[in-house]
1. Quick one: would you say Ile70 is surrounded by 12 or more Cβ atoms within 10 Å (Cβ to Cβ), touching a residue at least 12 places away in the same chain (Cβ under 8 Å) and in a loop (DSSP other than H, G, I, E, B)?
2. So which residues in the stretch 107-135 are surrounded by fewer than 17 Cβ atoms within 10 Å (Cβ to Cβ) and among the charged types (D, E, K, R)?
3. Quick one: in the stretch 30-64, which of the residues that are β-branched (Val, Ile, Thr) and exposed (fewer than 10 other Cβ atoms within 10 Å of the Cβ) is nearest to Gln104 (Cα to Cα)?
4. What is the one condition in (1) touching a Pro at 6+ places or on another chain (Cβ under 6 Å); (2) assigned to a strand (DSSP E or B) that Tyr79 does not satisfy?
5. Which condition number in (1) modelled with pLDDT of 90 or more; (2) in a helix (DSSP H, G or I); (3) exposed (fewer than 10 other Cβ atoms within 10 Å of the Cβ) is the one that Leu91 fails?
6. Does Arg94 satisfy the condition of being touching a Leu at 6+ places or on another chain (Cβ under 9 Å), in the same structural domain as Ile132 (by TED's automatic domain parsing) and not aliphatic (A, V, I, L, M)?
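The values are calculated or read from the model by the stated rules, or taken from the named source; none is laboratory data. Remember, predicted model here, so these are calculated numbers, not experimental data. No Cβ is skipped: glycine too gets one built from the backbone with ideal geometry, and neighbour counts run over all protein chains shown.
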Amino acid sequence: MGMNVGGSGSGDGDPQEMVDINTTPLIDVMLVLLIMLIITIPVQTHAVKLDLPVNQQNQLPPDPPPVVNIEVDFDGTVYWDTDIVPDRAGLAARFEIAAHEVPQPEFHIRPNRLVAYKHVAGVMATAQKLGITNIGLVGGGG
């Protein structure tokens, strides 16, 4: 423990003792410990090990299924790609044909942002009832 003895500057002739702890050795020890800790920590690699499949027969991946765009306009009009579907029975007939195709097409439903939800839900319910499994909702409809 260090001690600083000096005058008070008050001029009364009675010097006051100022006792301060010398923190320099404490800081030196803490820095040495910190450096030792940094050196002893193992270097971590940011790699993820994956067992990827190996193509033994040099086969090409299968072709993706065809895509059918179904648009539901603001008034409930349904478009199959670019063709207007007149009613729910016509839509059901098209879904039934597509359900038996191999591979089954992928359906992208694009609802207009102003369309009532019942029209979009009706299209999705008809597709599900007839066994369509690849359905996706695509946003950004006009």
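1. Working: surrounded by 12 or more Cβ atoms within 10 Å (Cβ to Cβ): yes; touching a residue at least 12 places away in the same chain (Cβ under 8 Å): yes; in a loop (DSSP other than H, G, I, E, B): no.
Spelling it out, it is not the case that Ile70 is surrounded by 12 or more Cβ atoms within 10 Å (Cβ to Cβ), touching a residue at least 12 places away in the same chain (Cβ under 8 Å) and in a loop (DSSP other than H, G, I, E, B).
2. Arg113, Lys118, Lys129
3. So in the stretch 30-64, the residues β-branched (Val, Ile, Thr) come out as 32, 35, 38-41, 43, 45, 48, 54.
Within this subset, residues satisfying the condition of being exposed (fewer than 10 other Cβ atoms within 10 Å of the Cβ) are 38-41, 43, 45, 48, 54.
On the way: Ile38: 58, Ile39: 59, Thr40: 58, Ile41: 54, Val43: 50, Thr45: 43, Val48: 35, Val54: 27 Å.
Across the stretch 30-64, the extreme among qualifying residues is Val54.
4. (1)
5. Answer for Leu91: the failing condition is (3).
6. Details: touching a Leu at 6+ places or on another chain (Cβ under 9 Å): no; in the same structural domain as Ile132 (by TED's automatic domain parsing): yes; not aliphatic (A, V, I, L, M): yes.
Considered against the rule, which asks whether it is touching a Leu at 6+ places or on another chain (Cβ under 9 Å), in the same structural domain as Ile132 (by TED's automatic domain parsing) and not aliphatic (A, V, I, L, M), Arg94 comes out as no.
Yes/no per residue for (1) modelled with pLDDT of 80 or more; (2) within 34 Å of the chain's Cα centre (by Cα):
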{"site": "Gly7", "(1), (2)": "no, no"}
{"site": "Gly13", "(1), (2)": "no, no"}
{"site": "Met18", "(1), (2)": "no, no"}
{"site": "Leu34", "(1), (2)": "yes, no"}
{"site": "Gln44", "(1), (2)": "no, yes"}
{"site": "Ala47", "(1), (2)": "no, yes"}
{"site": "Asn58", "(1), (2)": "no, yes"}
{"site": "Pro65", "(1), (2)": "yes, yes"}
{"site": "Pro86", "(1), (2)": "yes, no"}
